[in-house]
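S.K.: Just passing along the structure, written as structure tokens.
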Amino acid sequence: MTEVIFHLPDGSARSVAAKSGQTVMQVAVQGNVRGIDAECGGACACATCHVYVEPEYVGLIPPANEEESEMLDGVAAERRPNSRLACQITVPDDVETFGVDVPECQF
Amino acid sequence: MGKGTLVIGASHAGVQCASALRDAGYAERIILVGEDDALPYHRPPLSKTFICAKVSEEDIELKSHAFYTDEQVELRRGLRADFICREARTVTLSNGETLEYDNLVLATGSRPRLWRKGEMPGNVHVLRTLADARQIVRTLKATDGTVAIVGGGYVGLELAATVRTQFGRDVVIIEASGRLLSRSASPLLSDWVARQHVLAGSRLLLNTPMVGFETSDGVVDAVVLDGQPDVKASVVILGLGIVPNEELALQAGIRCADGIMVDEFCRTDDPCVYAIGDCTRFSVAQVDRMVRLECVQNAHDQARTVAATIAGNPTPYRPVPWFWSDQMGSKLQTVGFLDNAVSSITHGDIENGKGSFFHFDSEKNLCAAETVNNPAIHMQIRRAMAAGKKLEQQRFEHEGKLDLKV
């Protein structure tokens, strides 16, 4: 079982155990991780579940598809090369941890 | 400690209100009362991924149990609010319990418009709740034959798409007006959507008012039409629009007019009572009418507005309405108001599945944009509109030069 570690804007971290097949967004909702709003519930329609995947983990997941990449144009915080929508990342289940940074804002 | 905030209605608006109040640092008591027995859930997947079992009940929860516990939001499920006493600032629930409030937020939502006096033979359904969705799935599994969708709005069409493509059923879409999505899409998008449904093999009957049902042993077997042969159907799903749940407010003497009337801070005419979401009606600068916005965006944005008002940091709500729909493998997104559209420009190759319709008002400024599989454009316009930026028609005249970045 992979622990997803959410680094929050206030400098604290939250660790939530992912179930197999869950997206990072679902893990955040399940663990009540604030700052990942996920208003559309994972339909890739709202761009309010923006996260920065920590560099060491970027290679573990497939890159954003065209739809996600286009939606990332609309995120409220700065878009960076490691910006992703948490609803589009399935947590890899062959690692112990998976780390993301939660941006300052989603609106 | 005061009596805190009592929120009636525990769906998108109510839950977001509780969440936004805590985000705003509100430390008083929050009680959230909802009629549904389920943990509050996202409604949009009900017509799409939920009924074809691509997502589970847990997947569509708005918030997990941890939210209600950690944030000290007292969620009271399976209870209806029956009576508001504004003098005593209390609400009486269906179990007889009376709750006190300092602030009352009505997030009572809406309900599907029923056929005539609620006449609902067996295998005729509406879709609003998780229980409705489960019932539709049970009926689809227990029957074969044609599924009739009455009403060509978004809920009906999403169901039509799911039933046709995921359940492989014959589908007939029956619409009283001359086009699909007549209240919520431009004729350009209506036509495109209609073609997709026809291409998928669904039958489309426009300008076709329904008259009633044929039944045998209390179960539907046809939809009766005006001046046309009956449509045989083993399942009928009604998508006839929604009715705002304003009765609780009306009974308390709060001003309503097909929706609970609120101002730009989501205040009703009682200073202690607010209303948010589908149940509200309000004026907006962009159009010359009082609007009800039946979408998730409005529920969430009004929830944040009311939370800011209650938390002492009032900020007026200036809506940029947007919504999305997933049908036949395409993502449709709309932003803005279509009311004042007098001209349109099309970009991209919509027939091949990716493009945009831009709509302009008489002053040649963009008032709405509808995109098909074009989320980047949708997002850029949403951001520009939210920033109050005017987008002149001339910027859209040369497709290759379009740059909307704010």
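S.K.: Condition check: under 27 Å from B:GLN333 (Cα atoms), among the hydroxyl-bearing types (Ser, Thr, Tyr) and modelled with pLDDT of 95 or more. Does A:SER83 satisfy that?
M.R.: Details: under 27 Å from B:GLN333 (Cα atoms): yes; among the hydroxyl-bearing types (Ser, Thr, Tyr): yes; modelled with pLDDT of 95 or more: yes.
Against the criterion (under 27 Å from B:GLN333 (Cα atoms), among the hydroxyl-bearing types (Ser, Thr, Tyr) and modelled with pLDDT of 95 or more), A:SER83 qualifies.
S.K.: Please identify the pairs in which a residue from the range B:264-281 that is in a strand (DSSP E or B) has its Cβ atom under 6 Å from the Cβ atom of a residue that is modelled with pLDDT of 95 or more and among the aromatic types (Phe, Trp, Tyr), counting only partners at least 6 apart or on another chain.
M.R.: Correct list of pairs: B:ARG267/B:TYR274.
S.K.: For the structure I just gave you, tell me whether B:GLY109 is surrounded by fewer than 18 Cβ atoms within 10 Å (Cβ to Cβ) and under 18 Å from B:HIS12 (Cα atoms).
M.R.: Numbers: surrounded by fewer than 18 Cβ atoms within 10 Å (Cβ to Cβ): no; under 18 Å from B:HIS12 (Cα atoms): yes.
Taking the combined requirement at face value, the residue does not satisfy it.
S.K.: Kindly indicate which of B:THR315, B:THR305, B:THR309 is assigned to a helix (DSSP H, G or I), modelled with pLDDT of 95 or more, more than 22 Å from the chain's Cα centre (by Cα) and closer than 22 Å to B:ALA387 by Cα. I'd like the intermediate steps shown before the answer.
M.R.: Numbers: B:THR315 fails: assigned to a helix (DSSP H, G or I); B:THR305 fails: more than 22 Å from the chain's Cα centre (by Cα).
None of the other options fit; the residue is B:THR309.
S.K.: So which residues in the range B:140-172 are basic (Lys, Arg) and in contact with an Asp or Glu (Cβ under 9 Å, 6 or more places away or on another chain), if there are any at all?
M.R.: B:ARG164, B:ARG169
S.K.: Given the condition of a type outside the set (S, T, N, Q), surrounded by fewer than 14 Cβ atoms within 10 Å (Cβ to Cβ) and within 14 Å of chain A (Cβ to nearest Cβ), answer yes or no: does some residue in the range B:61-76 qualify?
M.R.: As a first pass, look at the range B:61-76 and keep what is of a type outside the set (S, T, N, Q): B:61-63, B:65-68, B:70-71, B:73-76.
Those still in the list that are surrounded by fewer than 14 Cβ atoms within 10 Å (Cβ to Cβ) too: B:65.
This time we only want the ones that are within 14 Å of chain A (Cβ to nearest Cβ), so: B:65.
Checked the range B:61-76: at least one residue is of a type outside the set (S, T, N, Q), surrounded by fewer than 14 Cβ atoms within 10 Å (Cβ to Cβ) and within 14 Å of chain A (Cβ to nearest Cβ).
S.K.: Scan the range B:81-92 and tell me whether some residue there is away from every other protein chain (no Cβ under 14 Å), within 30 Å of B:GLU175 (Cβ to Cβ), basic (Lys, Arg) and touching a strand residue (DSSP E or B) at 6+ places or on another chain (Cβ under 9 Å). Spell out how you get there, then give the answer.
M.R.: First, the residues of the range B:81-92 that are away from every other protein chain (no Cβ under 14 Å): B:81-92.
Now restrict to residues that are within 30 Å of B:GLU175 (Cβ to Cβ): none.
Within the range B:81-92, none of the residues are away from every other protein chain (no Cβ under 14 Å), within 30 Å of B:GLU175 (Cβ to Cβ), basic (Lys, Arg) and touching a strand residue (DSSP E or B) at 6+ places or on another chain (Cβ under 9 Å).
S.K.: Taking A:THR90 as the residue in question, decide whether it is within 11 Å of chain B (Cβ to nearest Cβ) and of a type outside the set (A, V, I, L, M).
M.R.: On the way: within 11 Å of chain B (Cβ to nearest Cβ): no; of a type outside the set (A, V, I, L, M): yes.
So A:THR90 fails the test.
S.K.: What about B:THR305, is it within 14 Å of another protein chain (Cβ to nearest Cβ), within 27 Å of B:ARG289 (Cβ to Cβ) and in contact with a Pro (Cβ under 8 Å, 6 or more places away or on another chain)?
M.R.: Working: within 14 Å of another protein chain (Cβ to nearest Cβ): yes; within 27 Å of B:ARG289 (Cβ to Cβ): yes; in contact with a Pro (Cβ under 8 Å, 6 or more places away or on another chain): yes.
Taking the combined requirement at face value, the residue satisfies it.
S.K.: Shifting gears a bit: With the structure loaded, tell me whether B:PHE396 is of a type in the set (Phe, Trp, Tyr), in contact with a His (Cβ under 9 Å, 6 or more places away or on another chain) and more than 13 Å from chain A (Cβ to nearest Cβ) or whether it fails that test. Lay out the reasoning, then the answer.
M.R.: Values: of a type in the set (Phe, Trp, Tyr): yes; in contact with a His (Cβ under 9 Å, 6 or more places away or on another chain): yes; more than 13 Å from chain A (Cβ to nearest Cβ): yes.
Taking the combined requirement at face value, the residue satisfies it.
S.K.: What is the residue count in the range A:10-40 for residues that are in a loop (DSSP other than H, G, I, E, B), of a type in the set (Gly, Ala, Ser) and more than 11 Å from chain B (Cβ to nearest Cβ)? Break it down into steps so the answer makes sense when it comes.
M.R.: Just the residues of the range A:10-40 that are in a loop (DSSP other than H, G, I, E, B), to begin with: A:10-12, A:18-22, A:31-40.
Okay, now just the ones that are also of a type in the set (Gly, Ala, Ser), so A:11-12, A:18, A:20-21, A:31, A:35, A:38.
Remaining after also requiring more than 11 Å from chain B (Cβ to nearest Cβ): A:11-12, A:18, A:20.
Total satisfying the criteria: 4.
S.K.: Of the numbered conditions (1) surrounded by 19 or more Cβ atoms within 10 Å (Cβ to Cβ); (2) in contact with a strand residue (DSSP E or B) (Cβ under 8 Å, 6 or more places away or on another chain), B:LYS364 fails exactly one; give the number of that condition.
M.R.: Result: B:LYS364 passes all but (1).
S.K.: Applying the selection to the range B:370-390, what residues are away from chain A (no Cβ under 13 Å) and under 22 Å from B:TRP192 (Cβ atoms)?
M.R.: Restricting attention to the range B:370-390, the residues satisfying the condition of being away from chain A (no Cβ under 13 Å) are B:370, B:388-390.
Result: B:GLU370, single match.
S.K.: Go through the range B:348-360 and report how many residues are buried (at least 18 other Cβ atoms within 10 Å of the Cβ) and either under 22 Å from B:PRO319 (Cα atoms) or within 14 Å of chain A (Cβ to nearest Cβ) (or both). Full working, then the answer.
M.R.: Keep residues of the range B:348-360 that are buried (at least 18 other Cβ atoms within 10 Å of the Cβ), which gives B:350, B:355-360.
Filter once more, so that each one left must be either under 22 Å from B:PRO319 (Cα atoms) or within 14 Å of chain A (Cβ to nearest Cβ) (or both): B:355-360.
Count: 6.
S.K.: I need every pair where a residue in the range B:99-111 that is hydroxyl-bearing (Ser, Thr, Tyr) has its Cβ under 7 Å from the Cβ of a residue that is part of a strand (DSSP E or B), sequence separation at least 6 or different chains.
M.R.: B:TYR101/B:THR5; B:TYR101/B:LEU6; B:TYR101/B:VAL91; B:THR108/B:ILE8; B:SER110/B:ILE242; B:SER110/B:VAL243; B:SER110/B:PRO244
S.K.: Consider only pairs whose beta carbons are under 6 Å apart and that are at least six residues apart or on different chains; among these, list those whose first residue lies in the range B:331-347 and is under 9 Å from B:GLU370 (Cβ atoms) and whose second residue is of a type in the set (Ser, Thr, Tyr) and part of a strand (DSSP E or B).
M.R.: Hits for this filter: B:LEU332/B:SER325; B:GLN333/B:THR371.
S.K.: Limited to the range B:356-377, what total is found for residues that are modelled with pLDDT under 95 and closer than 17 Å to B:GLN327 by Cβ? Spell out how you get there, then give the answer.
M.R.: Looking only at the range B:356-377, we keep the residues that are modelled with pLDDT under 95, and these are B:373-377.
From what is left, the residues that are closer than 17 Å to B:GLN327 by Cβ are B:373-375.
Selection size over the range B:356-377: 3.
S.K.: Name every residue in the range A:57-71 that is part of a helix (DSSP H, G or I) and closer than 18 Å to A:VAL27 by Cβ, in order of residue number.
M.R.: Looking only at the range A:57-71, we keep the residues that are part of a helix (DSSP H, G or I), and these are A:57-58, A:66-71.
A:TYR57, A:VAL58, A:GLU68 - these are the residues of the range A:57-71 that are part of a helix (DSSP H, G or I) and closer than 18 Å to A:VAL27 by Cβ.
S.K.: Could you check how many residues of the range B:44-60 are more than 10 Å from every other protein chain (Cβ to nearest Cβ) and out of contact with any Ser or Thr (no Cβ under 9 Å at 6 or more places or on another chain)?
M.R.: 4
S.K.: Filtering the range B:210-235 down to residues that are within 12 Å of B:GLY122 (Cα to Cα) and β-branched (Val, Ile, Thr), which residue is farthest from the chain's Cα centre (by Cα)?
M.R.: Among those that are within 12 Å of B:GLY122 (Cα to Cα) and β-branched (Val, Ile, Thr), it is B:THR215.
S.K.: Six or more apart or on different chains, Cβ atoms under 6 Å: show the pairs whose first residue is in the range A:45-65 and surrounded by 13 or more Cβ atoms within 10 Å (Cβ to Cβ) and whose second is assigned to a helix (DSSP H, G or I).
M.R.: Cβ pairs passing all conditions: A:ALA47/A:MET71; A:ALA47/A:GLY74; A:CYS49/A:MET25; A:CYS49/A:ALA86; A:CYS49/A:CYS87; A:VAL51/A:ALA86.
S.K.: Given the condition of a type outside the set (A, V, I, L, M, F, W, C), within 14 Å of another protein chain (Cβ to nearest Cβ) and surrounded by fewer than 18 Cβ atoms within 10 Å (Cβ to Cβ), answer yes or no: does some residue in the range B:313-322 qualify?
M.R.: Yes, because at least one residue in the range B:313-322 is of a type outside the set (A, V, I, L, M, F, W, C), within 14 Å of another protein chain (Cβ to nearest Cβ) and surrounded by fewer than 18 Cβ atoms within 10 Å (Cβ to Cβ).
The values are calculated or read from the model by the stated rules, or taken from the named source; none is laboratory data. Computed from a prediction, not measured in an experiment: that's the story for all the values here. Backbone-built Cβ (ideal geometry, glycine too); neighbour counts: all protein chains shown.
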